[in-house]
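Peer 1: Could you have a look at this structure, given as structure tokens, before my questions?
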Amino acid sequence: MNELEKARKIFELSYLFKQDNRNHCGKEEQMMHREMMILHWMQYCHREGYVKMNDIADNFHITPAAVSQIMRSFEKKGWVERIVLDHDRRSVHMKVTEEAICLMEKTEAYVHQRLAEFLKYLGEEDSDALIRIMEKATSYGKIL
């Protein structure tokens, strides 16, 4: 298999792997990875318990308009609430709700369970090889 064929095969297999995992997600897994990343950062990376929308944009390198759209979606789902501070009425602050925290915990537990099942299926030798390859793959961008 030449390099181009290998690249295509990896692309195809990664797509199939993602689709297969998506098909196995039950109703309990209702939060996507990027949603969890944002909510987790908001919840655990700020001591105040709330965060300015501009800080979210800066941290994730996205536009303020994109943050507004994401936060509106989160508000509709009941995952965040807007906070108006007496000392800073001009800035919009967002706070993660208890409902979102519970859902994040359930989703995280589900993902960990699925990963444990997957690693058991692979076996110790293949699991170790996968970890080694993934570690090497993540360092690839650093050498460019």
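Peer 1: Add -39500 (n - 2.57) for each DSSP H run of 4 or more in the chain, then divide by its residues: what number comes out at 222 nm, to the nearest 500 deg cm²/dmol?
Peer 2: Value at 222 nm, helices only: -23500 deg cm²/dmol.
Peer 1: What's the center-to-center distance, using Cα atoms, between region 112-134 and region 42-74 in Å?
Peer 2: A separation of 33 Å, based on Cα centres.
Peer 1: Please give me the summed charge of the neighbours of residue 57: other residues whose Cβ is under 15 Å from its Cβ, Lys and Arg +1, Asp and Glu -1.
Peer 2: Values: positive: 34, 52, 72; negative: 55, 58.
Charge balance near residue 57 sits at +1.
Peer 1: Shifting gears a bit: Given labels modelled 7 Å from the Cα in the Cβ direction, how far is it in nm from residue 98 to residue 81?
Peer 2: Taking the simple label geometry, residue 98 and residue 81 are separated by 1.0 nm.
Peer 1: Mind checking the full-extension length gain between residue 114 and residue 73? Use 0.36 nm per residue of separation minus the Cα-Cα distance, one decimal, nm.
Peer 2: 12.1 nm
Peer 1: Give the shape of the chain as rounded, prolate or oblate, defined through the alpha-carbon gyration tensor: a ≥ b ≥ c are the square roots of its eigenvalues, a/c under 1.5 means rounded, and otherwise the shape is prolate if a/b is larger than b/c and oblate if not.
Peer 2: prolate
Peer 1: Another question, then. If R0 is 25 Å, what FRET efficiency do you get for residue 126 and residue 9 from their C-beta distance, rounded to 0.05?
Peer 2: Values: r = 17 Å, r/R0 = 0.69.
That gives a FRET efficiency of 0.90.
All of the numbers you see were taken from the coordinates with simple rules; none came from a lab. No experiment lies behind these values; they were computed from the predicted model shown. Virtual Cβ from ideal backbone geometry, glycine too; neighbours counted across all protein chains shown.
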